[in-house]
1. Using helices alone, what [θ] at 222 nm do you get for the chain, with -39,500 (n - 2.57) per DSSP H run of 4 or more residues, divided over all residues and rounded to the nearest 500?
2. Could you rank the peptides 227-234, 64-71 by their average count of other C-beta atoms within 10 Å per residue, with the highest value first?
3. Residue by residue through the stretch 184-198, what is 3J(HN,Hα) from phi via Karplus (6.51 cos²θ - 1.76 cosθ + 1.60, θ = phi - 60°)? Round to whole Hz and write x for glycine and proline.
4. Could you check which residue among VAL285, VAL217, VAL132 shows the biggest mean-square fluctuation in a GNM of the chain with a 10 Å Cα cutoff?
5. Could you tally the net charge around VAL96, taking each other residue with its Cβ under 13 Å from the Cβ of VAL96, Lys/Arg +1 and Asp/Glu -1?
6. Once the other residues with Cβ under 9 Å from the Cβ of LEU257 are scored (Lys, Arg +1; Asp, Glu -1), what is the net sum?
7. VAL115 versus SER18, label points 7 Å from Cα toward the beta carbon: distance in nm?
8. Where does the Debye-calculated log10 I(q)/I(0) of the stretch 1-140 sit at q = 0.11, 0.16, 0.19 Å⁻¹, using only Cα point scatterers of equal weight, no solvent?
Amino acid sequence: MDKLQAMKGFVRIVEKGSLTAAAADLGTSLPSMVRTLAALEREVGVTLLNRTTRRLHLTDEGRQYLEHCRIILGQVREAEAALKSRRAKPQGKLTVTASVMFGRRHIAPLVGEFVEAHPEVTAELLFVNRVVSLVEEGVDVAVRIGQLADSSLVAIPVGEIRRVVCASPAYLRRRGTPRRPGDVRQHRCIRFTGISPRSEWPFRTDSRNVAVPIASVISCNQADAAIDACAEGLGLGSFLSYMVAPLRRSGKLKYVLEDFEPEPMPVHVAYLHSRLLSANVRAFVDLCVERLRKSEFD
């Protein structure tokens, strides 16, 4: 006996309300359907259906078995669909979100590469410095920095980002290098309000999180302008490491107080929980995870 086919026949009998209707729906004969049901009942050792000349009644055991059959058959369909999805070509629209600067630096190039490799895909990029609801705004993939509170998402970790304090070498030669978090009180500071809405910077000292007040010579809501001011030697700046990593590598900025940085923040590639992913989402997530894990964020 083909167990899956027998389960399918049993479910169809219940749904159609008769063996005759189930047989017609499955393209088989009534005697074959009767034999299948009888063999299934022998196999499980219980009566699943009480049959009269007019109608069928599920037994208690049959009702319980019906629920399990539907779950099993559904899982089989999902497994087959998942395999087909992996073989399918990405096509149609893909919507991706990330924060503005991270998206511009790290995600936009990946999306460009993806649509170049898959000509039937069109992409929409939503780069905003707020948490986007994937459900409400119709987004397929999000790249997020920080802890995730949304349990409806599948989140794949791809790295960590530090919160760093930095300055130009010229500024540090002129004003000195801070050695302890409290030293920033005596320095001119560039405040990027996107991550420092208040006039204080976070540090971790003696296993405690502390916030140190700063004197802002410039406050700016735009990261690039604040970073430029810092690189020009106007003061210390506090940024997420990926924002200033290229300038650090080029020698235009130097990190200070590294021993007192707060705990690093995780970076995740996230998408809505689903057993069956579209070919677009599956392929783009795979690309993001592979490339971002190789990226340097600090």
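Read the figures in this text as sums done on the coordinates, not as results from a lab. Since the model is a prediction, treat every value here as computed from it, not as a measurement. Note: ideal-geometry Cβ built from the backbone for every residue, glycine included; neighbour counts use all protein chains shown.
1. -12000 deg cm²/dmol
2. 227-234, 64-71
3. 5, 5, 8, 10, 6, 10, 9, 9, 8, 5, x, 10, 10, x, 10
4. VAL217
5. It works out to a net charge of -1.
6. Summing Lys and Arg as +1 and Asp and Glu as -1 gives -2.
7. Once both label points are built, they end up 5.7 nm from each other.
8. Treating every Cα as an identical point scatterer, log10 I(q)/I(0) equals -0.63, -0.82, -1.06.
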